[in-house]
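Engineer: Pasting a structure below so you can have a look.
The values are calculated or read from the model by the stated rules, or taken from the named source; none is laboratory data. Remember, predicted model here, so these are calculated numbers, not experimental data. For neighbour counting, all protein chains shown are included, and Cβ atoms are generated from backbone atoms with ideal geometry for every residue, glycine included. Protein only, heavy atoms only, side chains kept; ligands, DNA and RNA dropped before computing areas. Shrake-Rupley method; radii C 1.70, N 1.55, O 1.52, S 1.80 Å.
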Amino acid sequence: GDGVELDECVPGLPTQLLDQATEVGTTSGASQLAGSCGGGNAPEAAWLYPVERVLRELTFTTAGSAIDTLLYLYRDTCGTGELACQDTFPNETIRLHDPPPGDYYAIVDSFQAQGSYTLGVSGVIAGGEGCDPAETNFVCEVGYLCDGTTCAPTACNDGGDDDGDGDIDYPADP
């Protein structure tokens, strides 16, 4: 991230903005939170990812972390209303389908160790929503392609008879 600290998730646990596909960090200090699947004995790191467009899927993962991580997720309010908690070492992954826009807080925790972790975010963008071809961790949903600014329908999904054979779109026009 850009190192910008936001409001604390809970007292003593600063939150950072997740503004890259992958963030690498180190947990240190005292434990401030625990998820429903564990934690509480080791320090955690809190990350905010704001969802400002319609997504079909939103995924957070700690794959590639040096420590045995736990990953839990909150929406809109950090520290309350847990959405999911995952502890499936070595690849904690939380995947949300059709997540509503809002603020998502990803908490990277561990059972007993502090240390280095990797947090990644990716997703599938709904058709008609904004996209950036350089943002490779977010792709348009099937039947759409990023035209540089928007997930636009592909030829087999645009409602037209693109090849003049009288059939419109897949599967009618294979």
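Engineer: Under 4.7 Å Cβ to Cβ, no partner at all: give me those cysteines from the chain, in residue order.
Structural biologist: 156
Engineer: Also, quick follow-up: State whether the range 82-174 is rounded, prolate or oblate according to the following rule on the C-alpha gyration tensor (a ≥ b ≥ c being the square roots of its eigenvalues): a/c under 1.5 gives rounded; otherwise a/b larger than b/c gives prolate, and the remaining case gives oblate.
Structural biologist: In terms of gyration-tensor shape, prolate.
Engineer: Leaving ligands, DNA and RNA out of it, work out the accessible area of residue 59 with a 1.4 Å probe and give it in Å² to the nearest 10.
Structural biologist: 10
Engineer: In addition: Taking Rg/Rh (Cα atoms, Kirkwood Rh) as the quantity of interest, determine which of (1) 1.61; (2) 1.03; (3) 1.10 was computed from the displayed structure.
Structural biologist: Derived directly from the coordinates: (3).
Engineer: For the range 11-40 and the range 71-149, what is the separation of their Cα centres, given in Å?
Structural biologist: So the separation of the two Cα centres works out to 15 Å.
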